[in-house]
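The values are calculated or read from the model by the stated rules, or taken from the named source; none is laboratory data. This is a predicted model, so every value here is computed, not measured. Cβ placement follows ideal geometry from the backbone for every residue including glycine, while neighbour counts extend to all protein chains displayed. Surface accessibility is based on the protein's heavy atoms, side chains included, excluding ligands, DNA and RNA. Shrake-Rupley method; radii C 1.70, N 1.55, O 1.52, S 1.80 Å.
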Amino acid sequence: MEKKDIKWGELGFGYMPTDYRYYAEWKNGAWEEGKLTKDNTITMSECAGVLQYAQTCFEGLKAYTQKDGSIVTFRPDLNAERLQSSARRLLIPEVSTEMFLHALDETVKANAAWVPPYGTGATLYVRPFLFGSGPVIGVAPAPEYQFRLFCTPVGPYFKGGVKPIKICVSDYDRAAPHGTGDIKAGLNYAMSLYAGELAHSRGYNENMFLDAGTRTYVEETGGANFLFVTKDGKLVTPKSSTILPSITRRSLVYVAKEYLGLTVEERQVPFEEVKEFAEVGVCGTAAVISPVGEIDNHDEKIMVPSGMNEFGPVLGKLRETLTGIQNGDVEAPEGWIRKIC
Ligand code: PLP
Ligand code: COI
């Protein structure tokens, strides 16, 4: 199979429609059999649940080319489970893990020419999503749904590749206590846009959100969880019921303990403690691990000791090990890599 003629190394994080996408419809109480299609548009009622009441949730994962040319995905069973948890909270019919993995395998296989080659630093980002497609005018769950999955080749999430980013503490909250912060609901992202644009207009890459209840603990950014490294080399990551349970973060906790022999603390992190850390980073499927060099909270500027030019040693090693597992250069724990073709 011949790869598409794309300058893989120059890709940013954008949408480039590929040849095929998958869709399945939920009607009369059940999922119909899904199909691949070349059509990247959707036609639906003006009164669809997704358009009126934002009844939608999504996932994000990547396909990688390994050195021997095989195409794999990383822990997609966890994405299937998280989509199920998002769907339950939004009263959207769940997609079984089997159906999710079938859609993933078929779509990635059909788009094999779009999966960036090994060593380019680029990957194929896969976006599964669920939404209320049937009409609903009183506030209620929609009568019909669609499950879709498309992919797009991507490079680094932040401009400048893996250079440390500069972030600021948001004056707006991301997720309420007992709200939807722990699921991947579209609405969580819609309400973060204003704070995100404000941060960008002030020269920041991202926001650091604090807990909405007390505004004292670190939560996450708009699209990634936090990682901190103490001066004595421990990995610390915020524990909260209102952040997204990042699959990257959960994997890194394991890699830190089992591959690198680090001590890991998953606990509440007071914002006051941030200035004490030696390294700061954000992690997620899109972000992988991106180092953070500066954190501003109005007049307070925290310059992270690892600086604005490079990765700190611990986060650098974690990133190298994780991407090595994904690319097949480092042996993966059992069940983490799903070979597609
Ligand atoms: N937090 C938020 C709000 C996200 O959108 C994402 C991205 O999916 C993450 C964290 C990282 O999660 P994962 O590592 O599963 O991609
Ligand atoms: C991801 O990392 O997959 C995300 O969903 C983050 C962002 C692109 C929304």
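A few comments on the model shown:
- Within region 227-276, trypsin sites (Lys or Arg not before Pro) in DSSP loop having at most 13 other beta-carbon neighbours inside 10 Å: K231, K239
- Lysines with Cα under 29 Å of K231, excluding same-chain neighbours fewer than 8 positions away: K159, K163, K166, K239, K257, K275, K301, K317
- Value at 222 nm in deg cm²/dmol, rounded to 500, when DSSP H runs of n ≥ 4 in the chain each add -39,500 (n - 2.57): -6500 deg cm²/dmol
- Two tests apply to each whole DSSP H helix in the chain, Cα reach of 18 Å or more along its axis and mean Kyte-Doolittle hydropathy of at least -1.0, and the ones passing both are 97-110, 313-327.
- Heavy atoms of L91 accessible to a 1.4 Å probe, total area in Å² rounded to 10: 110 Å²
- Projecting the Cα atoms of G14, N188, A87 onto the dipole axis of the chain, where Lys and Arg carry +1 and Asp and Glu carry -1 at the beta carbon, places G14 farthest toward the positive end.
- Residues whose amide H comes within less than 5 Å of that of E279, counting only those at least five positions distant or on another chain, are V229 (H built at 1.01 Å from N in the peptide plane).
- Charge dipole of region 165-321 about the Cα centre (unit charges at C-beta), most positive-ward option of P305, L262, T237: L262
- The charge dipole of the chain, taken about its Cα centre with unit charges on the Cβ atoms of Lys, Arg (+1), Asp and Glu (-1) only, comes to about 380 debye.
- For the set H298, H102, solvent exposure ranked by accessible area (probe 1.4 Å, protein chains only) runs largest to smallest as H298, H102.
- Dipole-positive endmost among A54, P76, Y64 within region 1-124 (Cβ charges, Cα centre): Y64
- Straight-distance crosslink candidates among lysines, where the alpha carbon sits under 19 Å from K3 and sequence neighbours closer than 8 are dropped: K38, K62, K67, K109, K339
- The chain pair-distance distribution - Cα-Cα, 10 Å bins, rounded %: 5, 25, 33, 26, 10, 1
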